[in-house]
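Data block below; observations after.
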Amino acid sequence: MAADYLIVGSGLSALVFGALMANAGKQVQILESHEYPGGFGHTFTMANKYTFNAQLHYVWDCGEDNTVNRVLKRLGLEQEITFEHYDPDGFDHMRMPGYSLNIPSDAATLVKRLTQQFPNHQSSIQNFIEEVQTVRAGLKILSPPVQPIELLQLGKVTTTVRYVRSTLQDVFDKFKLPLEAQTLLALQWPDFLLPPNQLSFYAWTILFTAYQEGAFYPTQHFEAVINALVKVINDNGGKVLCDQEVVNFLVTNNTVNGVQAIDRHTHITHDFSADTVICNMDPKKAAKMIGLEKFSNAIQKKLDYDYSPSNFMAYCVVKDLDLRDYGFGKWNTFHTEESDLNKAFERMYMYNDFSKPSFAITTPTLLTDTKRDCPEDCQIVEFLTVANYDYFQDLLQQDRKLYTQKKEEILNQILDIVEDQYVPNIRDHLVFKITGSPTTNERFCNCPSGNSYGSSLTPKNMGPGRLDHRSSLKNFYFCNASSGYPGFAPTFWTGALLYQRLSGDIILGKG
């Protein structure tokens, strides 16, 4: 019997959509090419004792009555899946030569801390933060599904629309913020993998203010979230089938009827059919498999997006060392050696020069007291920065030894700074380390060009022409980062919004 919904890919938005539909009594089947479900949210174990999450670090929109909470309540998971708060007095610690700033939840405190460091720019700082708050309010009004009555808040809407083509740098320049203040505010750039002069002001505003409203980490770690969603699907008669690589879509005229997939263990091809097919894989990749000419001209135009940059990750374990003694805790740390983030990004991404790196540090074992697969005398510390896919792909094809050496070189350049400015003897305590590159992303998460966030978060891709769930083909809908938005909370929203649209069941609080 054909499923009601066949979902290609098991990223978070797909699992949320699938769990909601299965919970509503629909027959759901999910095909995943990887051995684990969850996409960038999946968890893996190394050396049989160290557990890491692929990409997720901290999340937002998890408070009472927010998107994640609404979804979990609908699924009966709100008691099972809970979240720990990051430190509201400083959920992001920004560090650069000569300056530091702990980003607080309270906007007035943020203005005060910045003004103390830049007393001659108090008015500019205050006006910038107020504009950010106004635009955030406007974006909430304009986010789908739109309620027409909310559009009557003309001041907020008009101000917001004014920035549709603006980068973060454009707005920094408009308010004449000093360079160092710009850097402190934008130092969480690894959350976007774009510098201020390329990053959509909308994208930055949404994430910055959302984390101010509440930064969280799952009490039972991210694997518990993935496992709970999969269990809802399975318990309601659905299936999540891993190691099933979709190689073709079954299309008759203008209707998608199913897919062909190869079992990566048996190498046998199977056909899967359904009343409706949900595409969680990259829309552009799927469209090319189907045939771009089959899509409407409007959708073809929306599919013409550029991919986000990719990243370098280092997953490390330290033993007999408490990172809390060195300034780490319930927060993330962002560091730069270069005061101009645009130049820092260019040096690393365009020239593959990491001699003055800008990077993020996260310490997941300090964020919750719940034990995970890590010895009690050990703590996990992870480092993340941008990396160029083409460069690493060329290295890998030319000489794997050179590829490995470059990854080791980047980690060592980061560790040099960590030892100089944070943990003097961290190398003496490293008992495990493994690095990932853009080609790692492509291999394990099936993301074209190793992209970390689907379409790049530039003004062009974040404007009104952005792709959404509509494909122009019958029985076929998009549901992923490029047709919604990337990140933990946005993928919950993307999956829940598509469920709401197809089922008519309102769970997001907007009609």
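Need the full-extension length gain, Lys285 to Asp390, defined as separation in residues times 0.36 nm minus the C-alpha distance. One decimal, nm. Intermediate values should be presented prior to the final figure.
Details: separation 105, 0.36 × 105 = 37.80 nm, distance 1.78 nm.
So the extension gain works out to 36.0 nm.
Taking neighbour counts of Cβ atoms within 10 Å as a proxy for exposure, in what order, fewest first, do Asp353, Asp65 appear? Write out the running numbers ahead of the final one.
Numbers: Asp353 13, Asp65 8.
Lowest count first: Asp65, Asp353.
Provide Rg and Dmax in Å for the stretch 427-511, with only Cα atoms included in the calculation.
17.3, 59
Which net charge results when you count Lys and Arg as +1 and Asp and Glu as -1 among the other residues whose beta-carbon is under 11 Å from that of Ser33? Don't jump to the answer; show the numbers that get you there.
Details: positive: Arg264, Arg443; negative: Glu32, Glu35, Asp243, Glu245, Asp263.
Counting the neighbours of Ser33, the net charge comes to -3.
Given Leu199, Ala108, Gln122, which one lies farthest toward the positive end of the charge dipole of the stretch 101-213, if we put +1 on the Cβ of every Lys and Arg and -1 on the Cβ of every Asp and Glu?
The one lying farthest along the dipole's positive direction is Gln122.
In what sequence, highest mean first, do 115-123, 312-320 appear when ranked by Cβ atoms within 10 angstrom? Please report the intermediate quantities before stating the final value.
Working: 115-123: 13.2, 312-320: 20.9.
Highest-to-lowest ranking by the protection proxy: 312-320, 115-123.
Quick one, what does Rg over Rh come out to for the stretch 116-237 if you take C-alpha atoms and the Kirkwood Rh? Write out the running numbers ahead of the final one.
Values: Rg = 18.3 Å, Rh = 16.7 Å.
My calculation of the ratio gives 1.09.
Which whole-number percent is the relative contact order of the stretch 101-213 (Cα, under 8 Å, 6+ apart)? Mind dumping the intermediate values first?
Details: 96 pairs, mean separation 36.7, N = 113.
Reported as a whole number, the value is 32 percent.
Relative contact order of the chain, please, whole-number percent, based on alpha carbon pairs below 8 angstrom and at least 6 residues apart. Provide the component values of the computation, followed by the final result.
Numbers: 1010 pairs, mean separation 120.9, N = 511.
This gives 24 percent for the chain.
Tabulate in residue order the Karplus-calculated ³J(HN,Hα) for the stretch 446-453, using 6.51 cos²θ - 1.76 cosθ + 1.60 with θ = phi - 60°, rounded to whole Hz; enter x for Gly and Pro.
With coefficients 6.51, -1.76 and 1.60, one gets 6, 9, x, 6, x, 4, 9, 9 Hz.
Once R0 is set to 30 Å, what does the formula 1/(1 + (r/R0)^6) return for the Cβ-Cβ distance between His267 and Leu292, expressed as a FRET efficiency to the nearest 0.05?
Working: r = 29 Å, r/R0 = 0.95.
Once the sixth-power term is evaluated, E becomes 0.55.
Taking every pair of alpha-carbon atoms in the stretch 309-442, give the share separated by more than 17 Å as a whole percent. Please report the intermediate quantities before stating the final value.
Details: 5275 of 8911 pairs.
Taking all Cα-Cα pairs of the stretch 309-442, the fraction more than 17 Å apart is 59 percent.
Taking 8 Å as the Cα distance limit and 6 or more residues as the minimum spacing, I'd like the relative contact order of the stretch 309-442 as a percentage.
Details: 209 pairs, mean separation 54.8, N = 134.
Result for the stretch 309-442 is 41 percent.
Work out the FRET efficiency for Gln300 and Asp243 from their Cβ-Cβ distance, taking R0 = 30 Å, and round it to the nearest 0.05.
Working: r = 32 Å, r/R0 = 1.06.
The computed FRET efficiency comes out at 0.40.
Whole-Hz Karplus ³J(HN,Hα) for the stretch 237-248, in order, using 6.51 cos²θ - 1.76 cosθ + 1.60 and θ = phi - 60°, x for Gly and Pro?
Karplus values, whole Hz, x for Gly and Pro: x, x, 9, 10, 9, 8, 6, 10, 8, 6, 10, 6.
Starting from the Cα of Lys140, step 7 Å along the direction of its Cβ; do the same at Asn48; then give the gap between the two resulting points in nm.
Computed distance between label sites Lys140 and Asn48 equals 5.1 nm.
Among 185-194, 45-54, 229-238, how do they line up from the highest to the lowest mean number of other beta-carbon atoms within 10 Å?
Numbers: 185-194: 24.0, 45-54: 16.2, 229-238: 19.1.
Result, highest mean first: 185-194, 229-238, 45-54.
Could you order the peptides 271-281, 242-252 from most to least packed, using the average number of other C-beta atoms within 10 Å per residue?
271-281, 242-252
Given H placed 1.01 Å from N in the peptide plane, which residues other than close sequence neighbours of Leu250 have an amide H under 5 Å from its amide H?
Under 5 Å from the amide H of Leu250: Asn257, Gly258, Val259, Gln260.
Any chance you could list P(r) for the chain, counting all Cα-Cα pairs in 20 angstrom bins from zero, rounded to whole %?
22, 58, 19, 0
Search the structure for amide H atoms under 5 Å from the amide H of Ile30, placed 1.01 Å from N in the peptide plane, and list their residues when 5 or more places away or on another chain.
Long-range HN contacts for Ile30: Ile7, Lys239, Val240, Leu241.
For Lys356, enumerate residues with amide H under 5 Å from its amide H, sequence gap 5+ or separate chain, H modeled in the peptide plane.
Amide H neighbours of Lys356, under 5 Å, 5+ apart: none.
Which residues among the stretch 430-445 fall inside the zone where the amide N is under 20 Å from a point 7 Å beyond the Cα of Glu408, along Cα→Cβ?
Residues passing the 20 Å test: 430-440.
Which of Met350, Met96 comes first, and how do the rest follow, when ranked by fewest Cβ neighbours within 10 Å?
Details: Met350 10, Met96 20.
Placing the least packed residue first, the sequence is Met350, Met96.
Specify the inter-centroid distance of the stretch 49-96 and the stretch 345-361, based on alpha-carbon positions, in whole Å.
Spelled out, the Cα-based centre of one part sits 28 Å from the other.
Taking a threshold of 19 Å on the Cα-Cα distance, which of the pairs Lys406/Lys433; Lys176/Lys460; Lys284/Lys343; Lys112/Lys343; Lys73/Lys231; Lys239/Lys294 fall above it?
Values: Lys406/Lys433 15 Å; Lys176/Lys460 24 Å; Lys284/Lys343 31 Å; Lys112/Lys343 28 Å; Lys73/Lys231 15 Å; Lys239/Lys294 30 Å.
Lys176/Lys460; Lys284/Lys343; Lys112/Lys343; Lys239/Lys294, as the Cα separations exceed 19 Å there.
Hey, quick one: spin label on Leu250, modelled 7 Å out along Cα-Cβ, who in the stretch 15-30 has an amide N within reach, i.e. under 15 Å?
Backbone N within reach: 29-30.
Assuming R0 = 25 Å, what is the FRET efficiency of Asp428 and Thr219, from their Cβ-Cβ distance, to the nearest 0.05?
Details: r = 32 Å, r/R0 = 1.27.
In this case the efficiency is close to 0.20.
Apply the Karplus curve 6.51 cos²θ - 1.76 cosθ + 1.60, θ = phi - 60°, to the phi angles in the stretch 262-279 and return the couplings in whole Hz, x for Gly and Pro.
So the Karplus estimates, Gly and Pro as x, are 9, 6, 6, 8, 8, 6, 8, 8, 10, 9, 10, 10, 6, 5, 9, 10, 10, 9 Hz.
None of the figures in this text is laboratory data; all of them are computed from the coordinates on show. Predicted, not measured: the structure shown is a model, and the values here were computed from it. Don't worry about glycine lacking a Cβ; one is built from the backbone with ideal geometry, like all the others, and counts go over all protein chains shown.
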